[in-house]
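Here's the structure, in structure tokens; my notes come after.
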Amino acid sequence: MQNNIDKLRPIENLIIDMDGVLYRGDEAIPGLKEFFAFLRGRPVDFILATNNSTRTARQYVDKLARMGVEVAPSEILTSAQATAIYLETLAPPGTKVYVIGEEGLEAAVRERGYIISRDGAEFVVVGMDRGFTYDKLKVATLLIRGGARFIGSNPDKTLPTEAGFIPGAGAMLAALEASTGVAPTIVGKPERTIFELALAKLGGSREDTAVIGDRLDTDILGGYNAGLTTILVLSGATTRQGVDSASIKPDLVFEDIQHLYKVWRQL
Ligand SMILES: [Mg+2]
């Protein structure tokens, strides 16, 4: 596929995925610092948006700082934060919420003023939880069967690790869906909510905002559904052959962020 780089011309805002785009694990993608220097200089505003709900925004700020890149907590949007912001559209602070998830999700829900409780919870909020147990499944099942709203931070069924694919939030959601017969409302990519929240934070229009990601089924599909320009980088989960054979087509494809800014800075 030939890139139509004119599609970069109107872009003033970016919603950028992190893993596979900015780094792989703890290893920075080549050109990371220069990419951010380019964005700051242009300037192009950005939100770093991730489906990972286990970490807090501060942990991402610290991780990028170790790679020599300075970002503000307000430039990060995790699916955990997006879930808590979404909750605000449904219920006032002080409402009881049962959380299956890790530090990132619990912190986000608490920061927005919700009370994490298994007793009398009106919402069951579920993200990846490496401490997932039968007891948590049982509590959440009874709450949802009793009328609590069922919300998932992100739909990822598995996560790639050195050991192979391990269960993600989607596996926990599937267990609960099996025991309740209720499908969750999903906040993270590829659903629209996280993109709409990022767009609102950026204050841009659909015409001047692009998504950068490494996954076709989350970043690119979600960006497309949200009406945004989509940019795939081949530094993560997707290969060139994968793009050619997929039904979801990004607007632009680059090897990595270094390739992207080197093309972009000439426009
Ligand atoms: Mg990624």
Return the residue satisfying two criteria in turn: it lies in region 20-44 and is touching a residue at least 40 places away in the same chain (Cβ under 8 Å) and at positive phi, and of such residues it is surrounded by the fewest Cβ atoms within 10 Å (Cβ to Cβ). Gly31
Can you tell me which residues in region 174-205 are over 28 Å from Thr239 (Cβ atoms) and within 18 Å of the chain's Cα centre (by Cα)? Pro184, Thr185, Val187, Thr193, Glu196, Leu197, Leu199, Ala200, Lys201, Leu202
So how many residues does region 134-148 have that are surrounded by fewer than 20 Cβ atoms within 10 Å (Cβ to Cβ) and in a loop (DSSP other than H, G, I, E, B)? 2
In region 10-30, which residues are within 14 Å of the ligand (Cβ to nearest atom) and part of a loop (DSSP other than H, G, I, E, B)? Asp17, Met18, Gly20, Val21, Leu22, Gly25, Ile29
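Would you say Gly181 is assigned by TED's automatic domain parsing to the domain that holds Val124, out of contact with any strand residue (DSSP E or B) (no Cβ under 9 Å at 6 or more places or on another chain) and not aromatic (Phe, Trp, Tyr)?
Details: assigned by TED's automatic domain parsing to the domain that holds Val124: yes; out of contact with any strand residue (DSSP E or B) (no Cβ under 9 Å at 6 or more places or on another chain): yes; not aromatic (Phe, Trp, Tyr): yes.
The answer is yes for Gly181.
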Specify which of the listed residues (Ala84, Ala91, Ala57, Ala65) is hydrophobic (A, V, I, L, M, F, W, C) and either over 20 Å from Ile194 (Cβ atoms) or within 16 Å of the ligand (Cβ to nearest atom) (or both). Ala65
Going through region 218-255 in order, the residues found to be of a type in the set (Asp, Glu) and either crowded, with 21+ Cβ neighbours inside 10 Å or over 18 Å from Ile11 (Cβ atoms) (or both) are Asp219, Asp244, Glu255
Being under 23 Å from Arg55 (Cβ atoms), free of Cβ contacts under 8 Å to residues at least 24 places away in the same chain, outside the structural domain of Gly236 (by TED's automatic domain parsing) and part of a strand (DSSP E or B) is true for just one of Ile151, Ile166. Which residue is that? Ile166
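The values are calculated or read from the model by the stated rules, or taken from the named source; none is laboratory data. A quick note: this is a predicted structure, and the numbers were derived from the prediction, not measured. Methodologically, a virtual Cβ is constructed for each residue, glycine included, from the backbone with ideal geometry; neighbour enumeration extends over all protein chains shown.
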